[in-house]
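Everything on this sheet refers to the single structure shown next.
The values are calculated or read from the model by the stated rules, or taken from the named source; none is laboratory data. Keep in mind the model is a prediction, meaning the values are calculated, not measured. Positions of Cβ are generated from backbone atoms using ideal geometry, with glycine treated the same way; all protein chains shown enter the neighbour counts. These area figures cover heavy atoms from the full protein model, side chains too; ligands, DNA and RNA do not enter into them. Shrake-Rupley method; radii C 1.70, N 1.55, O 1.52, S 1.80 Å.
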Amino acid sequence: MEEQSNNLVPLTDEQLASLLEGCRKGISASQQQLYEHFCRYAMAICLRYAHQEDEARQVMNDGFVKVFTHLHQFRPEKQHQHLVVSFKSWIKKIMIYTAIDYFRANRKHQHEEVDHAVLYKADPQATPLDKLSHEELMKMVQMLSPAYRMVFNLFVIDGYSHEEIARQLGISVGTSKSNLAKAREKLRKMLLSRYAELYSRYER
């Protein structure tokens with residue numbers, strides 16, 4: 001499937017319900033439309049877990065295969081009044097689990113060095129570091145090793161506990177905590193390096 005570049009009008013709950021029904025019946029046009037409407041959202045999630053765009057795209061496409069294969073299992077979550085919100089939440093879970101599967105299938109080093117450093121916190125006053133965009137910060141996260149990146153995303157961004165991460169990745173709780181600490185330390189160093197670069201430009 002090719003990711004579409006057009007800006008699509010957001011779906012209403014009624015339109016999504018119709019598309020989902022078509023997908024359950026195996027109508028290819030409905031599947032294509034569903035993919036086009038949610039591929040950007042899914043790709044943004046996968047990019048956080050992948051090292052490169054090609055890897056993220058592979059995870060995303062594998063995830064959509066699961067979406068279409070298990071669509072009959074989708075049930076709107078009670079806490080979400082809108083079908084679109086509930087469906088996006090379901091897609092997010094599938095993409096995360098697919099990224100975990102990809103990591104487990106490709107990892108070489110399960111255990112990482114322990115480091116109890118904490119993530120660098122910038123001074124509350126405005127600094128050149130504030131010029132960093134969300135995209136730049138996400139690129140820094142992508143530069144982490146697969147093990148560090150996986151735990152950082154699951155814990156910091158997606159809100160999983162260390163116990164949940166340990167079960168999903170097949171590692172110990174201690175290893176999950178260690179990988180998170182190491183990820184934070186590496187990000188701290190990257191942020192400090194980037195801050196120094198921005199500060200030198202700011203001083204010119």
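Can you pull out the trypsin sites (Lys or Arg not before Pro) in the stretch 1-72 that DSSP calls coil and that have at most 11 other Cβ atoms within 10 Å? Write out the running numbers ahead of the final one.
Details: sites: Arg24, Lys25, Arg40, Arg48, Arg57, Lys66; in loops: Lys25.
Sites meeting the loop and neighbour criteria: Lys25.
Figure the gain on full extension for Lys189 and Val9 (residue separation times 0.36 nm, minus the Cα-Cα span) and round it to one decimal in nm. Present the calculation step by step, with values, prior to reporting the outcome.
On the way: separation 180, 0.36 × 180 = 64.80 nm, distance 4.09 nm.
My answer for the length gained is 60.7 nm.
Using the structure shown, select from Lys66/Lys177; Lys139/Lys182; Lys139/Lys186; Lys92/Lys186; Lys93/Lys177 the pairs with a Cα to Cα distance greater than 19 angstrom. Walk me through the intermediate numbers first.
On the way: Lys66/Lys177 30 Å; Lys139/Lys182 17 Å; Lys139/Lys186 13 Å; Lys92/Lys186 26 Å; Lys93/Lys177 22 Å.
Correct reply: Lys66/Lys177; Lys92/Lys186; Lys93/Lys177.
On a 1.4 Å probe surface of the protein chains, which of Leu180, Leu8 comes out largest in accessible area, and what is the full order? Can you show the working numbers first?
On the way: Leu180 5, Leu8 70 Å².
Descending order: Leu8, Leu180.
Report Rg(Cα)/(2.2 N^0.38 Å) for the stretch 30-94, keeping two decimals.
On the way: Rg = 12.0 Å, N = 65, 2.2 N^0.38 = 10.7 Å.
Rg over 2.2 N^0.38 Å, computed on Cα atoms: 1.12.
Return the loop-located GluC sites (Glu not before Pro) in the stretch 1-77 (DSSP other than H, G, I, E, B) with at most 16 other Cβ atoms within 10 Å of their own Cβ; answer none if there are none.
Values: sites: Glu2, Glu3, Glu14, Glu21, Glu36, Glu53, Glu55, Glu77; in loops: Glu2, Glu3, Glu77.
Passing sites in the stretch 1-77 are Glu2, Glu3, Glu77.
Grab the Cα-Cα distance for His72 and Val173, subtract it from 0.36 nm times how many residues apart they are, and report the gain in nm with one decimal. Show your work: numbers first, answer last.
Details: separation 101, 0.36 × 101 = 36.36 nm, distance 3.37 nm.
Additional length available on full extension: 33.0 nm.
At Ala17 and Ala29, where each label point lies 7 Å from the Cα along Cα→Cβ, what is the point-to-point distance in nanometres?
2.1
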